[in-house]
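**Q** Sharing a structure below in structure tokens format, with a few things to ask.
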Amino acid sequence: LTEKPLGEVNSNKSQDPGVTLFWVSWLTHQKVTAYHRVLFHLTFDTSVSDIVTESNNESLDPKHPTSDGSSVPNPLAAGETAAVASEVNGQISPMGDEGLPEWEPLTPELVEDEAIRGDFVLRWVVVGLALLLGISQISESRTLLHLKNGEYLLSHGLVPGAKDPFTSTASDRKWVNLSWLFDIASSGVYTLTGGVGLSIVQGLLAAIAFGLITHAVRPNIRTWWGSLCAILALLACYLQFTIQPELITLLGLSFLLWVLVQSEESGQSSLLWRLVPIVWLWGQFDQRAWLGVFLLLIWAAGEKLSRGTTNSLEKSPIGIVAVLSLLLMAVHPFGWEAWLAPVRMYVTDYPAIQFAYQAPSVIDQGFYPIWGPVIWKTVSHRLIAALVLASLTFMTLILNRSRARWAYLLVFLGFNGLSCLGTHELAAASLVNCVLCTINGQTWFRERYGQVYSVDWLELLFSRGGRAVTVLGCFALAWLILSGRLDGPGGKRTGVGFDSHLASAMNDYQKTNVDLVDDKPFNYSMRQGDLMIWGGLKPFIDSRAGLFSGVGSANLLEIHQKTRRALQQKREKFEGSGEPTVWKETFDKYGIRQAWPRLNGPNPPPDYLSFFDLMSSTEFEINNLNSVTAIFIRKQDSDPTAITYLKEHPYDFVQQAFRGKQSKMEDLTREWSKPATTYDNLFSLRRPIVPGGVQAAQHFLELAATGVGLPNSQRCGCAVLAIQHANEGLKDEPNSAMGYRVLGMSYNILGQLESFVLKQGGSPEIPNRVRYLQSVSALQQAARLQPNDVSLIQQLIQQYQSVGQLDSQLDLFQKWRRLRPFSKSLTVDQKQERDMVMDMIVRMEEPVARLESEVAKLLGEGVDRTQIAVGAYQAGCLLRAIKTMEEDAIYLEKNPQSKLLLARWLTEAGRGQDAESIFEGLEVMAAENALPGWRDSAAISAMTVANYLRTIKMWGDQLHETTSSQVTPAMFTLPFLTLNPLWMGPDSYPAANVGAMAQVVQGVRLEGATLIYHIAMAQMEAGAIEDAGNSIRQAIQLNPSSPLRPLLRFYLECLTGEQIEPTAPVVEVEELTDLTLPESTDNAIPKEVDKEKAADKEQESK
């Protein structure tokens, strides 16, 4: 420490160990003290000489006695302090600079320590990924069956019964529910913590399973390879991270594999005895617990074979453990039925599911064998990961064949063979392959390369580079998980609680189960049956396919499929469709009165084919319609219960839309839609959420568009209901593109129906501009959220085409062309579509370009900008008019009327948020300066975001302004108010006053009735039914001869049931004969006067 040999420092004394230890500690303390002193003074700009002087004034001589009683002087004198200060002064910079640590040469020990730390981190990174994938939203309806059964068992004595309590058709069948304890546990968690708790438990179980897998390794050997295998296994397994017994399957297998490896490595065979109670407990939670017994049995068989070929292996009790575990599985509420679980699964359950799901989803593909064409139609990353891991495991078994055990080979063949029978077991096989690949790879690497670390660059490249690439891969996988790119925006991703679509369906089915004719509906799909059970109903079938399988007339799945097809209309491509005898036989046999088609989506989409077939059937009558289903009740004279129920509970779309209960005027204003940002696209893809209100709106829209023989009043009611439900859904989820699409199409259909009613009533064709603006605004917001949707572009083109907006159409056609680029692989229809688009672009480019040059010319000549913009708009160039206004912000601020025009055009172009901000500024400005007509445009703008309170207020104020603006000038026609030149003639006063008042009445009647009608429409959309009816009456009373009379008459009947005459009654004015002059022969009137009076009378008559 003093840069001198310790022996020289204490050369005159004997080498006493106590003295040596004292000086080592003391000299270390003095050296550090000197360095600290130098650091302190240099920090505050103290010179080295000051430090030395300070050190000379300090006593550094400790009096430490030696073993012989003498003392040892301190060898670190003031000169040493000066040396230290000089040394430090050259090495330490002033405050603000930080020194770097001294370079330390790389040694094999450091490389080994670095590798150990890296392997530790990688193992727990895999566990973290499992936690991320495990904490996900619950979207599978099978979970509801377990929760509902757990609730039933908790309220009925815990022990499961022998019969099915949930369906109307299998109540006499034996239901072997081997996972009864899982149902109780999951139901308890749900009762205490809700869906959030279920997601957290789901994630924790997945993390524990992969924590065990990543630690099922050989100790003191590099585990980087095992972490890589675990990542592949994670990709193959994560789809089964759900609150279902299959998650217990993964957890149980992970624990068994971990114990087997630990027992093998430690040589402690006593660890195996722990597996007996674990397997028994596993059997109470999971119907696939037999996989654990299967693993133990074939592992024991392999150990037996290995001992037969070599005497180096110690005898293991695994065979006894396997047999005991098998025997204990029968200690179960269903006894020996637990032994038949594999037979039931492969002989009954899987074939039944394959029969039920002949076009399976991604989840249902797991019940098909690996050689089936269904599996290879859509090869997923999960299947690829599982196959790659199986191939790597086979390679490591070959490489390590001289040291591998028979147990490894048998386990590998056994589990991968099971996965071939049903790809659902690929997850379990992947866990087994992960452990086998890890331990065999570790053994081969140790024997091939040894455990000696070096600083060779190739060794460092492999050690550091391999782990770095693995870490980067883990981060990339985490990004894919969190952003939603692993399975797409609508796939499995991190989250808690129930998926929004499943939660909405759960809620709606519970609400539907109120005051029904009975609780035994005919459902159209098995998952729909799960939701019905959750709602307290007894469906025909559900997801427990094996329960409903059988032979002949006992096969309820086949009966269900035939009945569902028979309920549809006759179609040649659907065998068995349109056979009323088939469905009637089923309904009579099982006492079914109701048919509930599946209407919840979005995947799969709603079954509108069955829905419309039932709508057009004379055998059924619709009784309810919501977001998830429609209730159709069979009309049968021999069933008085159904007939009475239908009479007491009629369902009418007009009644639902126009004559329901008066709802309180609430603020339904929604937020403006926000397109996906760069952050959303990179880190969190938006989920395609379709709220329940939007789903219900879609059903009503389909009815309004298709008609199905409905009268106009019913179709109009469906359109209004679609608007109301869409607004409700969009308030919950303002970024639902489907919601805006449905809203825009509903406004379009409603506008068409209103135009038809006007035409049918004999009124002149009046452009329905309000409906046009509402439709365009909604469709533009949908297009902002889904800019690549061609169908939305087509609908917008139709809207702009109806009013002749050329440049808006051209812009949309050009977008359409970009979305359909030319390709040699285009079909005939696609080529025709592209040719049509190109033709329309060519036809529109010339007039638009001609107008562009004219606008540029006029702007150069200094023509008023507003005049130019108005001309461009009238020529059909909306976008050019907006651009002309927006190019000069100063001009806009000086011209409020120009800002008003711009706001109107922005609303039509779909830029409602920009228009709304302008209207807010105009409202302040209008209070100071007169700005006529701005409220009408502001009301329409507010209506596009369902701000009905503001809409009604704006139109009400506009009505008051219209009346005041026309009455005030008429007051000046009264005499004695002003020196009006109209008073100069003897007959001017009465004629002028009467004419002015007639104009007032006519203006107020015409414009006032229109405004009141618009107010009624806003009230109707907001659900204020009584207020809407009163407004309609007021509009009719104000102007009985209004051009809108047919429409007012139509809505009055819809809202109140009142009927009025198609035309306004003629009011006869009684002729006042007593005011005429009597004929007199004595005082004859001059002929000239008589002629003048006759002319006046004729003029008055006219």
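**Q** Considering only residues that are farther than 12 Å from Asp613 by Cα, of a type outside the set (D, E, K, R) and modelled with pLDDT under 90, look in the stretch 561-602 and name the one that is farthest from the chain's Cα centre (by Cα).
**A** Gly576
**Q** Given the criteria among the hydroxyl-bearing types (Ser, Thr, Tyr) and farther than 28 Å from Pro691 by Cβ, does Ser504 qualify?
**A** Here the answer is no, as Ser504 does not meet what is asked.
**Q** May I pose another question? Here is a list of conditions, (1) modelled with pLDDT of 90 or more; (2) in a helix (DSSP H, G or I); (3) not charged (D, E, K, R), and Tyr679 meets all of them except one; can you say which number that is?
**A** Exception for Tyr679: condition (1).
**Q** Next question. Would you please list the contacts, defined by Cβ atoms under 6 Å and residues six or more apart or on different chains, that run from a residue in the stretch 384-397 that is touching a residue at least 24 places away in the same chain (Cβ under 8 Å) to a residue that is among the hydroxyl-bearing types (Ser, Thr, Tyr)?
**A** Close Cβ pairs satisfying both conditions: Ala386/Ser430; Leu389/Ser430.
**Q** Would a scan of the stretch 883-897 turn up a residue that is over 38 Å from the mean Cα position of the chain (by Cα), crowded, with 21+ Cβ neighbours inside 10 Å, touching a residue at least 12 places away in the same chain (Cβ under 8 Å) and over 16 Å from Ser937 (Cα atoms)?
**A** Yes, the stretch 883-897 contains at least one residue that is over 38 Å from the mean Cα position of the chain (by Cα), crowded, with 21+ Cβ neighbours inside 10 Å, touching a residue at least 12 places away in the same chain (Cβ under 8 Å) and over 16 Å from Ser937 (Cα atoms).
**Q** For residues in the stretch 366-375 being in contact with a helix residue (DSSP H, G or I) (Cβ under 9 Å, 6 or more places away or on another chain) and surrounded by fewer than 19 Cβ atoms within 10 Å (Cβ to Cβ), which is farthest from Leu297 (Cα to Cα)?
**A** Ranking the candidates gives Val374 first.
**Q** Which number in (1) loosely packed, with under 14 Cβ neighbours inside 10 Å; (2) under 15 Å from Val742 (Cα atoms) marks the one condition that Pro764 misses?
**A** All conditions pass for Pro764, except number (2).
**Q** Same structure again: Given the conditions (1) among the β-branched types (Val, Ile, Thr); (2) buried (at least 20 other Cβ atoms within 10 Å of the Cβ); (3) out of contact with any Phe, Trp or Tyr (no Cβ under 6 Å at 6 or more places or on another chain), and given that Ile1032 satisfies all but one, which numbered condition is not satisfied?
**A** (3)
**Q** Would you please list the contacts, defined by Cβ atoms under 6 Å and residues six or more apart or on different chains, that run from a residue in the stretch 678-689 that is in contact (Cβ under 8 Å) with a residue 24 or more places away in the chain to a residue that is in a helix (DSSP H, G or I)?
**A** Note: pairs meeting the criteria are Phe683/Ser483; Ser684/Ser483; Leu685/Ser483; Arg686/Asp680; Ile689/Ser500.
**Q** Let me ask another. Check the stretch 397-413 and report whether any residue there is surrounded by fewer than 20 Cβ atoms within 10 Å (Cβ to Cβ) and within 42 Å of the chain's Cα centre (by Cα).
**A** Yes, the stretch 397-413 contains a residue that is surrounded by fewer than 20 Cβ atoms within 10 Å (Cβ to Cβ) and within 42 Å of the chain's Cα centre (by Cα).
**Q** Collect the residues in the stretch 529-546 that are in a loop (DSSP other than H, G, I, E, B), closer than 18 Å to Lys174 by Cα and not hydroxyl-bearing (Ser, Thr, Tyr), keeping them in residue-number order. Before the answer, list the steps.
**A** First pass over the stretch 529-546, keeping only residues in a loop (DSSP other than H, G, I, E, B): 535-544.
Imposing the further condition that a residue be closer than 18 Å to Lys174 by Cα reduces the set to 538-544.
Within the stretch 529-546, Lys538, Pro539, Phe540, Ile541, Asp542, Arg544 meet the criteria.
**Q** Moving to a separate point now. Search the stretch 673-702 for residues being over 14 Å from the mean Cα position of the chain (by Cα), over 30 Å from Ala657 (Cβ atoms) and of a type in the set (A, V, I, L, M, F, W, C), and hand back the single one that is surrounded by the fewest Cβ atoms within 10 Å (Cβ to Cβ).
**A** The qualifying residue surrounded by the fewest Cβ atoms within 10 Å (Cβ to Cβ) is Leu682.
**Q** Please go through (1) charged (D, E, K, R); (2) under 42 Å from the mean Cα position of the chain (by Cα); (3) modelled with pLDDT of 90 or more for Lys824 and return the number of the only condition it doesn't satisfy.
**A** Just one mismatch for Lys824, condition (3).
**Q** Then there is this: Sort out which residues of the stretch 622-654 are more than 18 Å from Cys716 (Cα to Cα) and assigned to a loop (DSSP other than H, G, I, E, B), and write them in order of number.
**A** Hits for the stretch 622-654 are Ser627, Val628, Lys635, Gln636, Asp637, Ser638, Asp639, His649, Pro650.
**Q** Residue under question is Leu158, and the condition is that it be in contact with a Ser or Thr (Cβ under 9 Å, 6 or more places away or on another chain), among the aliphatic types (A, V, I, L, M) and either in the same structural domain as Ala185 (by TED's automatic domain parsing) or free of Cβ contacts under 8 Å to residues at least 60 places away in the same chain (or both); does it hold?
**A** Here the answer is no, as Leu158 does not meet what is asked.
**Q** Let me ask something additional. Does the stretch 104-118 contain at least one residue that is outside any loop (DSSP other than H, G, I, E, B) and touching a helix residue (DSSP H, G or I) at 6+ places or on another chain (Cβ under 6 Å)?
**A** Let us first name the residues in the stretch 104-118 that are outside any loop (DSSP other than H, G, I, E, B), namely 108-118.
Next, from what is left, pick out any that are touching a helix residue (DSSP H, G or I) at 6+ places or on another chain (Cβ under 6 Å): 115, 118.
Yes, because at least one residue in the stretch 104-118 is outside any loop (DSSP other than H, G, I, E, B) and touching a helix residue (DSSP H, G or I) at 6+ places or on another chain (Cβ under 6 Å).
**Q** Take the conditions more than 17 Å from Leu779 (Cα to Cα) and part of a helix (DSSP H, G or I) and apply them to Gln795. Does it pass?
**A** Against the criterion (more than 17 Å from Leu779 (Cα to Cα) and part of a helix (DSSP H, G or I)), Gln795 does not qualify.
**Q** Using the structure shown, decide if Gly751 is surrounded by 15 or more Cβ atoms within 10 Å (Cβ to Cβ), closer than 24 Å to Ala938 by Cα and either in the same structural domain as Arg911 (by TED's automatic domain parsing) or touching a helix residue (DSSP H, G or I) at 6+ places or on another chain (Cβ under 7 Å) (or both).
**A** In short, yes.
**Q** Next question, about the same structure. So Leu482 clears everything in (1) of a type outside the set (Asp, Glu); (2) modelled with pLDDT under 90; (3) more than 29 Å from Asp680 (Cβ to Cβ); (4) surrounded by fewer than 16 Cβ atoms within 10 Å (Cβ to Cβ) except one condition, right? Which one?
**A** Among (1) of a type outside the set (Asp, Glu); (2) modelled with pLDDT under 90; (3) more than 29 Å from Asp680 (Cβ to Cβ); (4) surrounded by fewer than 16 Cβ atoms within 10 Å (Cβ to Cβ), the lone unmet condition for Leu482 is (3).
**Q** Kindly indicate which of Leu743, Leu773 is part of a helix (DSSP H, G or I) and farther than 26 Å from Asp652 by Cβ. Lay out the reasoning, then the answer.
**A** Details: Leu743 fails: farther than 26 Å from Asp652 by Cβ.
Result: Leu773 is the single residue among Leu743, Leu773 that is part of a helix (DSSP H, G or I) and farther than 26 Å from Asp652 by Cβ.
For every residue, the table says whether it meets (1) crowded, with 19+ Cβ neighbours inside 10 Å; (2) under 37 Å from the mean Cα position of the chain (by Cα).
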| site | (1), (2) |
| --- | --- |
| Leu900 | yes, no |
| Gly910 | yes, yes |
| Phe919 | yes, yes |
| Met954 | yes, yes |
| Glu961 | no, no |
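**Q** Can we say Ile384 is outside any helix (DSSP H, G or I), under 30 Å from Thr443 (Cβ atoms) and within 32 Å of the chain's Cα centre (by Cα)?
**A** Against the criterion (outside any helix (DSSP H, G or I), under 30 Å from Thr443 (Cβ atoms) and within 32 Å of the chain's Cα centre (by Cα)), Ile384 does not qualify.
**Q** Out of (1) in the same structural domain as Glu151 (by TED's automatic domain parsing); (2) more than 20 Å from the chain's Cα centre (by Cα); (3) buried (at least 16 other Cβ atoms within 10 Å of the Cβ); (4) more than 30 Å from Glu265 (Cα to Cα), what's the single condition that is false for Tyr453?
**A** With (1) in the same structural domain as Glu151 (by TED's automatic domain parsing); (2) more than 20 Å from the chain's Cα centre (by Cα); (3) buried (at least 16 other Cβ atoms within 10 Å of the Cβ); (4) more than 30 Å from Glu265 (Cα to Cα) applied to Tyr453, the lone miss is (4).
The values are calculated or read from the model by the stated rules, or taken from the named source; none is laboratory data. Bear in mind that the values here come from a model prediction, so they are computed numbers and not experimental data. Methodologically, a virtual Cβ is constructed for each residue, glycine included, from the backbone with ideal geometry; neighbour enumeration extends over all protein chains shown.
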